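I have placed the structure first, in the form of structure tokens, so that the comments after it can refer back to it.
The values are calculated or read from the model by the stated rules, or taken from the named source; none is laboratory data. Everything quoted here is computed from the prediction, not taken from an experiment. Cβ placement follows ideal geometry from the backbone for every residue including glycine, while neighbour counts extend to all protein chains displayed. The accessibility values were calculated without ligands, DNA or RNA, using every heavy atom of the protein model including side chains. Shrake-Rupley method; radii C 1.70, N 1.55, O 1.52, S 1.80 Å.
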Amino acid sequence: MERAEAYGLSAAMSGSFLLSCLLFAAINRRQRGPYMDEVFHVPQAQAYCQGRFLQWDPMITTLPGLYLLSVGVVKPAAWLFGWTGSVLCSVGMLRFINLLFSAGNFYLLYLLLFKIHQKNKAVSAFQRILSTVTLAMFPTLYFFTFLYYTDPGSVFFTLFAYLMCLYGNHKTSALLGFGGFMFRQTNIVWTVFCAGNVVAEKLNEAWKTELQKKKDEKISSRKGSFSDVIRILQFLVKYFTSPKNLVTLTALTWPYIILVTVFLGFVFINGGIVVGDRSSHEACLHFPQLFYFLSFTAFFSFPHLLTPTKIRKFLLSLRKHPLHYSFIALISLVLIWRFTYVHKYLLADNRHYTFYIWRKVFQRHELVKYLLVPVYIFAGWSFADTLKSKSIFWLLVYFVCLLAVTVPQKLLEFRYFILPFLIYRLNIPFPSLYRQLLDLAFYIVVNAVTLYLFLNRTFQWPNSDEIQRFMW
């Protein structure tokens, strides 16, 4: 990193943290007590602060990583600064933990962008810093910087594990992956993703060697013909049935294999992936979640995905392959028809934006969910098109992990989309400076509106004196 870029990054990070501190103070003045899921997280952390590590709220569904780390940060700070009484493990103090995580996420996002795009000499230092600021202000994640939720810490450990994986430090990556797992069990999928990165790299090397032998000019599988798919499948079968290749891959990925084994042991002993209340977190095959994610990504990446050039390319592809798209549309209609689930929270909790999206869009008419299929297809095509620079094996690993982390979720919850969205955005090419600035401006507007609604547009439920607030 050059000195000018280091100064620019320091200034951007300091300015972002200062802004977050000011917003943090404003939110804590207006909402002093625990809100929403904080009513479970805060008392649990306070019990740990008081040394009651055997106490557990059965309504909590995640492992105690957030509470253990909070105690590990707050206790030494209290000893150092002489904090006692109500200050120690107060709501504000616990929320501040996530403000620290947000600063860490900022730096990790920059390091990941630098590492992933280091071969692209056309990307300037200013563009890297601008993209870092934009992703750090990603609205769904940024909002939970100010509340005591698991999301900022979950993102921190997962991004850190991904960074270590890219640098080849797989033991550290697996250890950090364990930290992410302790914040949210589904983060084990991103441990598999890290292992998959290693496997994809080896597969890509072997595939290029295979093509070299046959004197092919490039990886023709990018054309997507049926014969190319058959060749890829034959290659994969041949590669994974070789004991030598399996030994090599095991030697490279053994830290991840150990962590996945620990996870499977946990699931067996626990009787499921969820701890605590399982009644509202039942796994199911909710395939439309993939469509919701693609729409979510198109909305928050519209400067990248909704360009006139992409629309023209999509229409040309549609005209060129009508049977392919007809088949995709048919499959999508069947998946929506047979596998759409509506969680009771989605219909009952009018504090979340998803409640209003579902009511105003999907409940407007029974046919709406089917009429949105063309939107899903375009979003999916554009999504895949921005990743065309990645190898076919990397794409396979990412999409398998994307399905694993979204489809089993019955509840439509935007927080579940944060990590797959960030990993997607980290790996797509940098757009023009104009589109980057548009991206940042859009995020700033969305954050401003979200925080304004949360702070100023309060309401009350019938037969309740508690103040309710709108949130993601």
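May I ask you to give the solvent-accessible area per residue for the stretch 282-431, in square angstrom, as obtained with a 1.4 angstrom probe?
Working: 7190 Å² over 150 residues.
Normalised by residue count, the accessible surface of the stretch 282-431 is 48 Å².
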> From the square roots a ≥ b ≥ c of the eigenvalues of the alpha-carbon gyration tensor of the stretch 234-336, which class results: rounded (a/c under 1.5), prolate (a/b over b/c), or oblate?
Replying inline: oblate
>> Using C-alpha positions alone, give me the convex hull volume of the stretch 29-91 per residue in cubic angstrom.
In response: 86
> Distance from the Cα centre of the stretch 178-196 to that of the stretch 316-340, in angstrom?
Replying inline: 32
> What angle, in degrees between 0 and 90 and rounded to the nearest 10, separates the Cα long axis of helix 433-456 from the longest principal axis of the Cα atoms of the chain?
Replying inline: 30
> What nm distance separates the two modelled labels at Leu333 and Leu246, each placed 7 Å from Cα along Cα→Cβ?
Replying inline: 4.4
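Per residue, how much accessible surface does the stretch 106-148 expose to a 1.4 Å probe? Answer in Å², no decimals. Walk me through the numbers before you get to the answer.
Numbers: 1370 Å² over 43 residues.
Counting only protein heavy atoms, the per-residue value for the stretch 106-148 is 32 Å².
Which value in deg cm²/dmol, rounded to the nearest 500, describes the helix-derived mean residue ellipticity at 222 nm for the chain, given -39,500 (n - 2.57) per DSSP H run of n ≥ 4 and division by the residue count?
Using -39500 (n - 2.57) per qualifying helix, the result is -22500 deg cm²/dmol.
So what is the orientation-averaged projected area of the chain, using the convex hull of its C-alpha atoms, in nm²? Numbers along the way, then the final one.
On the way: hull surface 101.6 nm².
Convex hull of Cα atoms, orientation-averaged projection: 25.4 nm².
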> According to the square roots a ≥ b ≥ c of the eigenvalues of the Cα gyration tensor, what is the shape class of the stretch 282-431, taking rounded for a/c under 1.5, prolate for a/b larger than b/c otherwise, and oblate for the remainder?
Replying inline: prolate
>> Out of all Cα-Cα pairs in the stretch 295-350, roughly what percent, to the nearest whole number, are more than 12 Å apart?
In response: 77
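Assign one of three labels to the stretch 178-302, namely rounded, prolate or oblate, based on the Cα gyration tensor with a ≥ b ≥ c the square roots of its eigenvalues; rounded applies when a/c is under 1.5, prolate when it is not and a/b is larger than b/c, and oblate otherwise.
Working: a/c = 2.59, a/b = 1.48, b/c = 1.75.
Cα axes put the stretch 178-302 in the oblate bin.
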> With charges only on Cβ, +1 for K and R and -1 for D and E, what is the dipole size of the stretch 1-106 about its Cα centre, in debye, rounded to 20?
Replying inline: 320
> Per the 1.4 Å probe, what fraction of the accessible area of the chain, in percent, lies on carbon and sulfur atoms?
Replying inline: 67
>> Could you order the peptides 374-384, 137-147, 441-451 from most to least packed, using the average number of other C-beta atoms within 10 Å per residue?
In response: 137-147, 374-384, 441-451
> Say the cut-off is 22 Å between C-alpha atoms; which of Lys119/Lys388; Lys121/Lys202; Lys121/Lys213; Lys214/Lys238; Lys344/Lys369; Lys369/Lys410 go over it?
Replying inline: Lys121/Lys202; Lys121/Lys213
> Which value, in Å², gives the accessible area per residue of the stretch 1-96 when a 1.4 Å probe is used on the protein heavy atoms?
Replying inline: 55
> How far apart, in nm, are the 7 Å Cα→Cβ label points at Arg30 and Val87?
Replying inline: 2.7
> Mind ordering 254-262, 180-188 by average Cβ neighbours within 10 Å, highest first?
Replying inline: 180-188, 254-262
>> Projecting each Cα onto the charge dipole of the chain (Lys/Arg +1, Asp/Glu -1 at the beta carbon, about the Cα centre), which of Phe430, Val275, His41 comes out farthest on the positive side?
In response: Phe430
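Fully extended, how many nm does the chain gain between Leu387 and Cys21 (0.36 nm per residue separation, minus their Cα-Cα distance)? Show your work: numbers first, answer last.
Values: separation 366, 0.36 × 366 = 131.76 nm, distance 3.53 nm.
That works out to 128.2 nm of additional length.
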